[in-house]
Amino acid sequence: MKESEDSLTVIIFRGARSNPWRLKFRKSVLKYGMIFGLVLLFVQGGIITHYVYQWSQLKELGEIKQELTTSRARTSNFSTEVDGMKRR
């Protein structure tokens, strides 16, 4: 009687012609497994959040780089125009 209170049985049916698997787990193992699963879920959530944050930072960095390239081109063009005005 004590064994049935401390353990749970999981039955896996593999098919119509094969015998099912009966797996017995202690309740404490399942409890620690659930805790481990929840911790793993939170860690994965944190990693995904960090990845999305880094992705947005990388996108913003690309936009800044493009803006810098445009600014350099405008500055070069302006410098050429000023040099042309000085020559006149």
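Points to keep in mind about this one:
- Label sites at ARG87 and ALA73, each approximated as a point 7 angstrom past Cα along Cα to Cβ, lie 2.3 nm apart.
- Projected label points at LEU30 and ILE11, each 7 Å from Cα along the beta carbon direction, are separated by 1.5 nanometres.
- Charge-dipole axis of the chain as Lys and Arg at +1 and Asp and Glu at -1 on Cβ define it, positive-most pick from GLY84, ALA16, GLY45: ALA16
- If the Kirkwood radius is taken over C-alpha pairs of the chain, then at 20 °C and 1.002 mPa s the Stokes-Einstein diffusion coefficient equals 107 µm²/s.
- Taking the C-alpha atoms only, the angle from helix 27-87 to the longest principal axis of the chain is near 10 degrees.
Read-outs throughout are calculated quantities, based only on the coordinates presented, and are distinct from any laboratory measurement. All values reported here derive from a predicted model rather than from experimental measurement. So basically every Cβ, Gly included, is an ideal-geometry build from the backbone, and we count neighbours across all protein chains shown.
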